[in-house]
Each structure stands twice: as structure tokens, then as C-alpha cells.
Amino acid sequence: MALVAIVCCTLCCSNKDDVASSEGEINEISIIISDVLWNGEVGDSLRKKLAAPVDGLTMEEPIFTINQYHSQSFGGSLKRGRNIIFVEKGEEKDFDFKQDRTCAPQNTFTISGKNTAELLQIIQMHADEIIRTIRQTEIAVNQYRNEKAGLMDDSKFRQKYGISIKMPLAYNAVLKDDNFIWLKKEIPGGNTNMLLYRVPFATVEHNKDIINNIIKMRDSIGIKYIHGKDPDTYMVTEEAYSPYVFMTSFKEKHAFEMRGNWEMKNDFMNGPFVNYAIRDDKNKYYLIIEGFIYSPSSPKRDLIVELESIIKSVKFI
């Protein structure tokens, strides 16, 4: 614990003027840990928790990219990393979390235990908290980057759906009608997409069969609006991969979150999607916000986070 304390103290700012922007790629974690612990049960436990496969992706990608460093090599730009975890054997069992030590945003977690068993216990107890905290930070960082790059005027979203949304200027409207908007951003090797529309309560809640109802809803939208270049090609939920569905809360509103894979019927195109069905009791409908990706040769994890950052920027007005 003493070594961790010494290293952590070097992170602290001498005054507020020293605070700068943190560094690092999206979904990247620096773990400061000895080789002995990293190559044993403790490292295995950290990798199992923090590098588990992302839900909803057909090609396996880890939740976070993990980089291991020794305490002796922890310096320079590493101190400005956005997500840092210190792990070592010490005099007492302890878990500590601090934010914005030398830069912002920055998450610093300290895991200490007298032996391997205590370290494993702390990791088991706090892994979900660590994951949740880092995810929230990465969403916020994406939103900040979108704002710096420029946002679309959201007056039409306010008028049509009663929401504000931080939609990047890089997105362009592909198709829209009285209830439906499809926006697309071109990226190397493909595109990312956003859909917004409304459906009655019964569309999602009929017979409490939420999963199948949302799949049917998505497929009906695909058949109507999302078509391929060839005749009789349209987007549907891929049957080969069962989507993940979570009951959640969205800005204090009841919501369902679905993650899965889409495919183009009668074609070979496919990719991941994230769909939020948000219950708007005031206006008596579900607001559906979905992001989906077509980028066959690129990793999808960080693109999904980018789409989720747009979705989670929504505020009801």
C-alpha cells in the first residue's frame, strides 16, 4: 500500500492551474501492477472482468483495452491517463476511488490486499462499479468530442419529439417523414447510423413479450425504410444471434435497451445495433432511438460507444 500511496501522491496537482485534459484512447485502461500479480490469479481475474466480450457483437471484442505497467515505469504521459487502476499487496485490505487528480476527466482506482485472496475478493466486489464508472466517463468524453467538432441544430428534434439531442454535424438526414428520421455518417469502410421514431405503448408492451415485440418493431421499420441497393433487400434483426435485452432507466423514464446484430435480408450486409425504447408517459408513446453500424472490416466496440453517447445525450423537454 505504501508504494501505491507514493505513486498516487505524485498524481496530485499542486494547484488548479495544473489540471489539463486527460489522455488515452476510448475504452483504454492502464493497470499498474507487478508481473507476479499480473501473470497469476489476480491478473486473470482483472482480465476476466475488464476484458470480457462486449454484449451484442458477433466478433469478440473486449469491454476495455487493458495495458499493464510496472510502478517504476509509471510516469510522463501515463499519469495523465483517463482510467488508471493500481493493484498491489499491502498492509491492509482496501479499495479507493478518486477522480480528476492531475487532469480531467480521470478515474483512479486503488486495490490493495494483504494476500492474493483479499485482492481477488476486492476485484470481485468492485469490478461492476469500476466498469460502470469508466463507461460513464467514456460516454461523457465522446459527448465532449462531439460538441467540439460541432453539433446539429436540434430544433427539429424538439418540435417533432420533444427532446434535445447532441447530434454531431457529421450526420446527414437520409430519410424522414412525420414520425421517422434516419441520419447517417460516412466513415472509412462504412457508415454509422441513427434512427428516431415513436410507437404506441402496445407496440412494445403487447402481452408483455418485450423481446419479440421490439424485434417485430425493428423489422417493420427496416422493411419500410432501410433498404439495400438491390430490389427486395431490407434490414431485419439477425436471427442467428439472439439480442440482449435489459430493462433500464433513461433520465428517470422507464426504458428497454436492446443490443444485437442486424442483417440485410437477401443480401450479405450486417452489423451491430443498440436500440433504446423509452417510455414517455407524458406524451403516451415510446420514443425509439437506435444506432447501427455498417463497417465490415473495422472493430465495432468504440463505434457503438460513440452511438450510445449520442443516444444518452437526449433530454426530454
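The values are calculated or read from the model by the stated rules, or taken from the named source; none is laboratory data. Predicted model, so just to flag it, every value in this text is computed and none were measured. In this analysis, Cβ positions are derived from the backbone assuming ideal geometry, glycine residues included, and neighbour counts consider all displayed protein chains. Surface accessibility is based on the protein's heavy atoms, side chains included, excluding ligands, DNA and RNA. Shrake-Rupley method; radii C 1.70, N 1.55, O 1.52, S 1.80 Å.
Going by what's in this entry, would Ile122 be described as open to solvent by less than 10 Å² (accessible area, probe 1.4 Å), assigned to a helix (DSSP H, G or I) and either out of contact with any Lys or Arg (no Cβ under 7 Å at 6 or more places or on another chain) or of a type outside the set (Ser, Thr, Tyr) (or both)? Before the answer, list the steps.
On the way: open to solvent by less than 10 Å² (accessible area, probe 1.4 Å): yes; assigned to a helix (DSSP H, G or I): yes; either out of contact with any Lys or Arg (no Cβ under 7 Å at 6 or more places or on another chain) or of a type outside the set (Ser, Thr, Tyr) (or both): yes.
Spelling it out, Ile122 is indeed open to solvent by less than 10 Å² (accessible area, probe 1.4 Å), assigned to a helix (DSSP H, G or I) and either out of contact with any Lys or Arg (no Cβ under 7 Å at 6 or more places or on another chain) or of a type outside the set (Ser, Thr, Tyr) (or both).
Under 6 Å between Cβ atoms, at least 6 apart or on separate chains: pull out the pairs that start in segment 113-125 with a residue that is farther than 17 Å from Asp96 by Cβ and touching a residue at least 60 places away in the same chain (Cβ under 8 Å) and end on any residue that is open to solvent by 60 Å² or more (accessible area, probe 1.4 Å) and not aliphatic (A, V, I, L, M).
Filtered contacts from segment 113-125: Thr116/Glu41.
How many residues are assigned to a strand (DSSP E or B), open to solvent by 10 Å² or more (accessible area, probe 1.4 Å) and within 23 Å of Ser297 (Cα to Cα) if we restrict to segment 243-263?
2
Pick from segment 147-169 the residues that are of a type in the set (Asp, Glu) and within 23 Å of the chain's Cα centre (by Cα): which of them is most open to solvent (accessible area, probe 1.4 Å)? Working first, answer last.
Within segment 147-169, the subset of a type in the set (Asp, Glu) is 147, 153-154.
With within 23 Å of the chain's Cα centre (by Cα) added as a condition, the list becomes 147, 154.
Details: Glu147: 89, Asp154: 28 Å².
Out of the qualifying residues, it is Glu147.
Go through (1) over 22 Å from the mean Cα position of the chain (by Cα); (2) of a type in the set (A, V, I, L, M, F, W, C); (3) open to solvent by less than 50 Å² (accessible area, probe 1.4 Å); (4) over 19 Å from Asp177 (Cα atoms) one by one and return the number of the condition Ala240 breaks.
(3)
Does segment 93-106 contain at least one residue that is open to solvent by 50 Å² or more (accessible area, probe 1.4 Å), in contact (Cβ under 8 Å) with a residue 60 or more places away in the chain and among the charged types (D, E, K, R)?
Yes, segment 93-106 contains at least one residue that is open to solvent by 50 Å² or more (accessible area, probe 1.4 Å), in contact (Cβ under 8 Å) with a residue 60 or more places away in the chain and among the charged types (D, E, K, R).
Are there any pairs with C-beta distances below 7 angstrom linking a residue in segment 25-45 that is within 29 Å of Gln136 (Cβ to Cβ) and assigned to a helix (DSSP H, G or I) to a residue that is polar (S, T, N, Q) and open to solvent by 20 Å² or more (accessible area, probe 1.4 Å), with the two at least 6 apart or on different chains, and if so which?
So the pair list comes out as Trp38/Gln68; Glu41/Thr116; Val42/Thr116.
Can you report the number of residues in segment 171-224 which are open to solvent by less than 40 Å² (accessible area, probe 1.4 Å), assigned to a helix (DSSP H, G or I), of a type outside the set (A, V, I, L, M) and more than 18 Å from Met264 (Cα to Cα)?
Selection size over segment 171-224: 1.
When you scan segment 95-114, how many residues do you find that are in a strand (DSSP E or B), in contact with a helix residue (DSSP H, G or I) (Cβ under 8 Å, 6 or more places away or on another chain) and either over 15 Å from Ile134 (Cα atoms) or of a type in the set (A, V, I, L, M, F, W, C) (or both)?
Initially, segment 95-114 is screened for residues in a strand (DSSP E or B), giving 95-99, 103-104, 107-113.
Checking the rest, the ones that are also in contact with a helix residue (DSSP H, G or I) (Cβ under 8 Å, 6 or more places away or on another chain) come to 95, 97-98, 103, 107-113.
Then drop every residue that is not either over 15 Å from Ile134 (Cα atoms) or of a type in the set (A, V, I, L, M, F, W, C) (or both), which leaves 95, 97, 103, 109, 111-113.
Residues that pass the stated criteria total 7.
Looking only at segment 285-293, decide whether some residue is open to solvent by less than 60 Å² (accessible area, probe 1.4 Å), over 30 Å from Tyr144 (Cβ atoms) and out of contact with any Gly (no Cβ under 9 Å at 6 or more places or on another chain).
yes
Starting from segment 280-295, take each residue that is assigned to a loop (DSSP other than H, G, I, E, B) and list its partners that are open to solvent by less than 30 Å² (accessible area, probe 1.4 Å), counting only C-beta distances under 6 angstrom and pairs at least six apart or across chains.
Ser295/Gly190
Restricting to segment 41-80, and then to whatever is modelled with pLDDT of 95 or more and open to solvent by less than 20 Å² (accessible area, probe 1.4 Å), can you tell me which residue is nearest to Glu28 (Cα to Cα)?
That would be Phe64.
Can you find, within segment 136-146, the residue that is surrounded by the most Cβ atoms within 10 Å (Cβ to Cβ) among those that are touching a residue at least 24 places away in the same chain (Cβ under 8 Å) and under 23 Å from Asp96 (Cβ atoms)?
To start, the set of residues in segment 136-146 that are touching a residue at least 24 places away in the same chain (Cβ under 8 Å) comprises 137-143, 146.
The next check asks that each one be under 23 Å from Asp96 (Cβ atoms); those that pass are 137-138, 140-141.
Working: Thr137: 19, Glu138: 25, Ala140: 14, Val141: 19.
Looking at residues that are touching a residue at least 24 places away in the same chain (Cβ under 8 Å) and under 23 Å from Asp96 (Cβ atoms), I get Glu138.
Restricting to segment 53-74, name every residue that is touching a helix residue (DSSP H, G or I) at 6+ places or on another chain (Cβ under 8 Å), free of Cβ contacts under 8 Å to residues at least 40 places away in the same chain and of a type outside the set (S, T, N, Q). Steps first, please.
Initially, segment 53-74 is screened for residues touching a helix residue (DSSP H, G or I) at 6+ places or on another chain (Cβ under 8 Å), giving 54, 56-57, 61-64, 66, 68-71, 74.
From what's left, free of Cβ contacts under 8 Å to residues at least 40 places away in the same chain: 66, 68-70.
Residues satisfying the conditions are Ile66, Tyr69, His70.
Which condition number does Phe316 fail, the rest of (1) out of contact with any Lys or Arg (no Cβ under 8 Å at 6 or more places or on another chain); (2) surrounded by fewer than 17 Cβ atoms within 10 Å (Cβ to Cβ) being met?
(1)
What about Glu263, is it free of Cβ contacts under 8 Å to residues at least 60 places away in the same chain, within 23 Å of Met59 (Cα to Cα) and not aliphatic (A, V, I, L, M)?
It is true that Glu263 is free of Cβ contacts under 8 Å to residues at least 60 places away in the same chain, within 23 Å of Met59 (Cα to Cα) and not aliphatic (A, V, I, L, M).
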